[in-house]
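Notes to accompany the following structure.
The values are calculated or read from the model by the stated rules, or taken from the named source; none is laboratory data. As the structure is a computational prediction, the values presented were derived from the model and not from experiment. Cβ atoms come from the backbone with ideal geometry, glycine included; neighbour counts cover every protein chain shown.
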Amino acid sequence: MVCIPQKEKKAQWLSFSCILSGILLMGISSMLDYRVIFQLISVVLVAAGIQLLVRFVLSDYRYIIDDRDDGTAELFVYQKQGKRDVLVCRISLSSVVEMFTRGTKKAEVKARYNYTQNLGAVGHCLVFDDGDKCVEVIIEPDAQFIDAINARIGVGEGDFGFMM
């Protein structure tokens, strides 16, 4: 089963406005008092715009559930940037402790990985034990994919927890 989240335009507009504001502020900073402060602000705006561009606009995520022959299911998370398609996360769903909507609970975890497609998205958190630490992975699936994950949580004997 495959789930590809739909992209929203919020990150595109925010990235574009940060980069454009930074460039314009840099251009007019020479005519202002305290030009160094305005130049620093413009550099921060451009850097924030580039970060938003790379993280949310140019990245596409794809979630795949793979049912193995032994009854265990695995969740694969792929990140695509341009032509490069990379497996960024692999989880055995038998090791998942709980799944909940982001913002409804606060889990005590050692590591948190966010694989959401959209800026400010309401994702779902998968919390699982990876040996001696508790790890949380945030994804942005649709309702049908959530039901498929819930049906496979704790089923089978996984040979691993979380792999990056």
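Quick check on V96: is it out of contact with any helix residue (DSSP H, G or I) (no Cβ under 7 Å at 6 or more places or on another chain) and over 20 Å from I153 (Cβ atoms)? It is false that V96 is out of contact with any helix residue (DSSP H, G or I) (no Cβ under 7 Å at 6 or more places or on another chain) and over 20 Å from I153 (Cβ atoms).
Considering the conditions (1) surrounded by fewer than 14 Cβ atoms within 10 Å (Cβ to Cβ); (2) under 21 Å from D147 (Cβ atoms); (3) out of contact with any Asp or Glu (no Cβ under 7 Å at 6 or more places or on another chain); (4) in contact (Cβ under 8 Å) with a residue 12 or more places away in the chain, R68 is excluded by exactly one of them, (3). Applying a threshold of 6 Å to beta carbon distances and a minimum spacing of six or more residues, or different chains, the list of pairs starting in the stretch 89-103 at a residue that is over 13 Å from H124 (Cβ atoms) and ending at one that is modelled with pLDDT of 85 or more and surrounded by fewer than 17 Cβ atoms within 10 Å (Cβ to Cβ) reads R90/F76.
In the stretch 136-143, is there at least one residue being over 26 Å from Q81 (Cα atoms), buried (at least 17 other Cβ atoms within 10 Å of the Cβ), touching a residue at least 24 places away in the same chain (Cβ under 8 Å) and in contact with a helix residue (DSSP H, G or I) (Cβ under 9 Å, 6 or more places away or on another chain)? No, every residue in the stretch 136-143 fails to be over 26 Å from Q81 (Cα atoms), buried (at least 17 other Cβ atoms within 10 Å of the Cβ), touching a residue at least 24 places away in the same chain (Cβ under 8 Å) and in contact with a helix residue (DSSP H, G or I) (Cβ under 9 Å, 6 or more places away or on another chain).
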